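The values are calculated or read from the model by the stated rules, or taken from the named source; none is laboratory data. Only a predicted model underlies this, so the values are computations on that prediction, with no experimental measurement involved. When we count neighbours, we look across all protein chains shown, and the Cβ atoms used for this are built from the backbone with ideal geometry, even at glycine. When the accessible area is computed, the model is the full protein with side chains, heavy atoms only, and any ligands, DNA or RNA have been set aside. Shrake-Rupley method; radii C 1.70, N 1.55, O 1.52, S 1.80 Å.
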Amino acid sequence: MQASPFETEAAFGTRRPIIRRNPDNVQEVEMVEAGWGLQPYDGQRTKPFKFIRSEGKTFATHRCLVPASEFQIRNGDRRFRVTLEGGNFFYLAGVWRPANPDWPLSFEVVTIEANPEVFFYQERQGAVLLRRQNMAWLDLTVPQDELLQPLPARSFAIEEIAPRAPENRQTELAF
């Protein structure tokens, strides 16, 4: 497996590998391809959604891991790539839903309050799990509140993607 950039603005249904417990044999961990975004199901939402806030929710089943080498954020018209400071890949905490006649196997990303570096650009981010935390998320061996926490300051390197072109400003007074 090779972790790839997680494009937060990818279209609904974009296919991506996820890692989960096999629903037919929970002793087995499997990697499957799933579409990003869940179908509305509770009567309150009218369109599909890609993210779910962690606050006030318990994810007791259908947990998954979304391998990533980076995630991307937007601030106005500027885009940024966020990687772990050491360059390691990581996982985003996710929740999957089985396919039904109207919707394929799909997943959403769990969000948390942003860590200090990301907060400079936006208030929330996908819940980043380090590789040592992957089985704790899948197997519920560590309380969810301990896993769904922002990483400490200086955990991320943030780099602008396609930096803004310099503005053509008049720097001298002319008559």
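How many residues are out of contact with any Ser or Thr (no Cβ under 9 Å at 6 or more places or on another chain) and not in a strand (DSSP E or B) when one looks only at region 99-115?
So the answer is 5.
Would you confirm, using the coordinates I've provided, whether Thr8 is of a type in the set (Ser, Thr, Tyr) and farther than 23 Å from Glu159 by Cβ?
no
With the structure loaded, tell me whether Thr83 is in a loop (DSSP other than H, G, I, E, B) and of a type in the set (Val, Ile, Thr) or whether it fails that test. Working first, answer last.
Details: in a loop (DSSP other than H, G, I, E, B): no; of a type in the set (Val, Ile, Thr): yes.
No, not satisfied.
From the list Asn115, Asn100, exactly one residue is closer than 23 Å to Ala10 by Cα and in contact with a Pro (Cβ under 6 Å, 6 or more places away or on another chain). Which is it?
Details: Asn100 fails: in contact with a Pro (Cβ under 6 Å, 6 or more places away or on another chain).
After applying the criteria, what remains is Asn115.
So, Pro143, is that one free of Cβ contacts under 8 Å to residues at least 60 places away in the same chain, over 17 Å from the mean Cα position of the chain (by Cα) and either open to solvent by less than 40 Å² (accessible area, probe 1.4 Å) or closer than 28 Å to Pro23 by Cα (or both) or not?
Yes, satisfied.
Looking at region 146-162, which of its residues are of a type in the set (A, V, I, L, M, F, W, C), in a loop (DSSP other than H, G, I, E, B) and open to solvent by 30 Å² or more (accessible area, probe 1.4 Å)?
Matches in region 146-162: Ala153, Ala162.
Taking interchain pairs and intrachain pairs at least six residues apart, which have beta carbon atoms under 7 angstrom, with the first residue in region 79-99 and among the acidic types (Asp, Glu) and the second buried (at least 16 other Cβ atoms within 10 Å of the Cβ)?
Glu85/Ser155; Glu85/Phe156
Tally up the residues in region 21-36 that are within 17 Å of Val109 (Cα to Cα), surrounded by 12 or more Cβ atoms within 10 Å (Cβ to Cβ) and out of contact with any helix residue (DSSP H, G or I) (no Cβ under 7 Å at 6 or more places or on another chain), please.
Total satisfying the criteria: 5.
Output the residue which, of all residues in region 60-89 that are surrounded by 11 or more Cβ atoms within 10 Å (Cβ to Cβ) and out of contact with any Phe, Trp or Tyr (no Cβ under 9 Å at 6 or more places or on another chain), is nearest to Asp139 (Cα to Cα).
Initial filter on region 60-89 (surrounded by 11 or more Cβ atoms within 10 Å (Cβ to Cβ)): 62-75, 78-85, 88-89.
Narrowing the set further to residues that are out of contact with any Phe, Trp or Tyr (no Cβ under 9 Å at 6 or more places or on another chain) leaves 79, 88-89.
Details: Arg79: 34, Asn88: 23, Phe89: 20 Å.
Among residues in region 60-89 that are surrounded by 11 or more Cβ atoms within 10 Å (Cβ to Cβ) and out of contact with any Phe, Trp or Tyr (no Cβ under 9 Å at 6 or more places or on another chain), the one nearest to Asp139 (Cα to Cα) is Phe89.
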